[in-house]
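First the structure, in the form of structure tokens, and then the observations on it.
The values are calculated or read from the model by the stated rules, or taken from the named source; none is laboratory data. None of the values given here were measured: they were computed from a predicted structure. Quick reminder, even Gly has a Cβ in these numbers, built from the backbone with ideal geometry, and neighbours come from all protein chains shown.
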């Protein structure tokens, strides 16, 4: 009996020891934890690597897109510069051509009116236009808008030159001194200067056949003097009619706005 009890106790003790020996140790648990962390780190690393690869791919695509846009912009920029250079050259050619036309026109008019004195008329270029400045004494009697025969002859000569010159417009500007005028026909210097300009327009178009579509009458009154009105000589110089010949600028306008 005693031997049987001892045997049972021994067996139980050995079984307990055996069971205890088969359970996980702290070292094993620690190792398993490290393995789990390494596995998780590996997963995280792969995720990060994939993210980096995707980011790199996106950056390469963006770089390629930016480079494409840059190439397009560069090409467009070069075309724009080339177009601007071409336009500038065209503009310079047109301007030079107009200068040449005005220079020849001035010479032609000056030669045609060579017999008239400098105190009767002057021909000059100002701001790209040809000016023919006719003194009052050549065209009109004081306070009148009726053109004298000598003045009409000068306008006939001028009309012959103008009719042979294309692509110009003509402005007739009447000017007076600052001495007030009030008659039955003219209320003031505005009236007188405008009526004188209109008289010249009628002579050039009706009598001498200049194109009415290319000419305009304008009265400036006393407000654009070229000399001082303090002296008789100055007032005489201000009583004038200016025929202003301007080149047609449609070609330049079309270049920039059409």
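Structure data summary
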| item | result |
| --- | --- |
| Among (1) farther than 30 Å from residue 89 by Cα; (2) touching a strand residue (DSSP E or B) at 6+ places or on another chain (Cβ under 6 Å), the one test that residue 205 misses | (2) |
| Pair list, Cβ under 7 Å, 6 or more apart: the stretch 143-167 residue touching a residue at least 60 places away in the same chain (Cβ under 8 Å) and on the phi > 0 side of the Ramachandran plot, other residue surrounded by fewer than 15 Cβ atoms within 10 Å (Cβ to Cβ) and part of a loop (DSSP other than H, G, I, E, B) | 167/248 |
| Residue 242, sole failed condition from (1) modelled with pLDDT of 95 or more; (2) closer than 17 Å to residue 146 by Cα; (3) in contact with a helix residue (DSSP H, G or I) (Cβ under 7 Å, 6 or more places away or on another chain) | (3) |
| Residue check for residue 211: out of contact with any strand residue (DSSP E or B) (no Cβ under 7 Å at 6 or more places or on another chain) and closer than 19 Å to residue 150 by Cα | no |
| Hey, residue 151 touching a helix residue (DSSP H, G or I) at 6+ places or on another chain (Cβ under 9 Å), surrounded by 16 or more Cβ atoms within 10 Å (Cβ to Cβ) and part of a strand (DSSP E or B) or not | no |
| Answer residue from the stretch 127-146, given it is within 42 Å of the chain's Cα centre (by Cα) and part of a strand (DSSP E or B) and is farthest from residue 114 (Cα to Cα) among those | 129 |
| Subset of the stretch 161-209 (residues that are surrounded by 14 or more Cβ atoms within 10 Å (Cβ to Cβ), part of a helix (DSSP H, G or I) and touching a helix residue (DSSP H, G or I) at 6+ places or on another chain (Cβ under 9 Å)) | 161, 162, 196, 199, 200, 201, 203, 204, 205 |
| Residue ID - farthest from residue 172 (Cα to Cα), chosen from residues in the stretch 87-108 that are buried (at least 17 other Cβ atoms within 10 Å of the Cβ) and free of Cβ contacts under 8 Å to residues at least 60 places away in the same chain | 108 |
| Tally of residues being in a loop (DSSP other than H, G, I, E, B) and under 16 Å from residue 136 (Cα atoms) across the stretch 232-252 | 1 |
| Selection from the stretch 91-105 of residues that are over 15 Å from the mean Cα position of the chain (by Cα) and at pLDDT below 80 | 94 |
| Residues within the stretch 210-229 that are in contact (Cβ under 8 Å) with a residue 40 or more places away in the chain and in a helix (DSSP H, G or I), tallied | 1 |
| Some residue of the stretch 225-237 being surrounded by 15 or more Cβ atoms within 10 Å (Cβ to Cβ) and under 10 Å from residue 174 (Cα atoms) | no |
